[in-house]
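Before any comments, here is the structure.
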Number of protein chains: 2
Amino acid sequence: MARYVVDVMPKPEILDPQGKAVLGALPRLGFAGVTDVRQGKRFELEIEGDATDEALAEVQKMAGTLLSNPVIEDFAVHVESQA
Amino acid sequence: MARYVVDVMPKPEILDPQGKAVLGALPRLGFAGVTDVRQGKRFELEIEGDATDEALAEVQKMAGTLLSNPVIEDFAVHVESQA
């Protein structure tokens with residue numbers, strides 16, 4: 001069993017209203033010095049078998065087709081742990 | 001300027017309907033072998049100044065008060081890069 005992590009973030013040129021809302025709320029809560037916030041998604045997938053290059057390629061495909069919208073989002077995949 | 005990442009995930013004992021929806025959709029798209037999916041949030045914060053222990057403690061506070069709901073979510077904070 002191996003755990004993979006897929007991080008999905010809005011592309012830099014895409015507006016991110018959720019991140020902007022957090023950025024606006026921080027000073028009201030007394031936090032200073034934050035110049036930008038981007039909000040994205042994190043998926044943790046448990047997959048049978050060992051962490052192989054083939055399994056990682058499968059996760060890349062899942063990330064590109066189901067977990068992210070490639071028009072507006074970038075994703076990054078990595079193996080987190082293996083048990 | 002330093003970039004901090006806050007990963008927010010539903011606690012293990014909390015139901016995660018978004019993750020379950022992804023888990024149900026994967027076989028229909030031809031992906032086999034995935035036994036569990038959890039969906040959470042990822043925040044990237046740009047903060048003025050160098051990455052210090054004080055700044056990291058501030059980000060921990062932001063994560064615990066604004067970015068996560070500590071009743072149902074766990075969070076992890078790390079420094080991603082420094083420029």
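Throughout, read-outs are computed from the coordinates displayed, never taken from laboratory work. Since the model is a prediction, treat every value here as computed from it, not as a measurement. Positions of Cβ are backbone-derived with ideal geometry, glycine not excepted, and every protein chain shown enters the neighbour counts.
The phi torsions of the range A:39-56, fed into the Karplus equation with coefficients 6.51, -1.76 and 1.60 and a -60° offset, translate into couplings of 10, x, 10, 10, 10, 10, 10, 9, 10, 4, x, 6, 6, 10, 5, 5, 4, 5 Hz, rounded to whole numbers, with Gly and Pro shown as x. Using θ = phi - 60° in the Karplus curve 6.51 cos²θ - 1.76 cosθ + 1.60, the 3J(HN,Hα) couplings for the range B:33-38 round to x, 7, 9, 7, 9, 10 Hz; x is entered for Gly and Pro.
Placing a pseudo-label 7 Å from each Cα along the Cα-to-Cβ vector at residue A:18 and residue B:76 gives an inter-label distance of 1.9 nm. Only helices enter the 222 nm calculation for the protein assembly as shown: every DSSP H run of n ≥ 4 contributes -39,500 (n - 2.57), and dividing by all residues gives -8000 deg cm²/dmol, rounded to 500. In this structure, the amide hydrogen of residue B:11, modeled 1.01 Å from its nitrogen in the peptide plane, lies closer than 5 angstrom to those of B:73, B:74, counting only residues at least 5 positions away or on a different chain. Across the range A:59-73, coupling constants 3J(HN,Hα) worked out from phi with the 6.51/-1.76/1.60 Karplus curve, θ = phi - 60°, read 5, 4, 5, 4, 4, x, 9, 10, 8, 9, 9, x, 5, 10, 10 Hz, and Gly and Pro carry x. Can you give the percent of C-alpha pairs in the range A:27-73 whose distance is more than 18 Å? The calculated P(r) of the range A:27-73 puts 52 percent of pairs beyond 18 Å. Normalising by residue count, chain B has a Cα convex hull of 111 Å³ per residue. In vacuum, with every alpha carbon of the protein assembly as shown counted as one equal point scatterer, what does the Debye formula give for log10 I(q)/I(0) at q = 0.08, 0.14 Å⁻¹? Two decimals, please. After summing over all Cα pairs, the log10 values are -0.26, -0.76. Taking amide H atoms as placed 1.01 Å from N in the peptide plane, the amide H of residue A:36 lies under 5 Å from those of B:46, each 5 or more residues away in sequence or on another chain. Note: relative contact order over chain B, using C-alpha pairs below 8 Å and six or more positions apart, is 54 percent.
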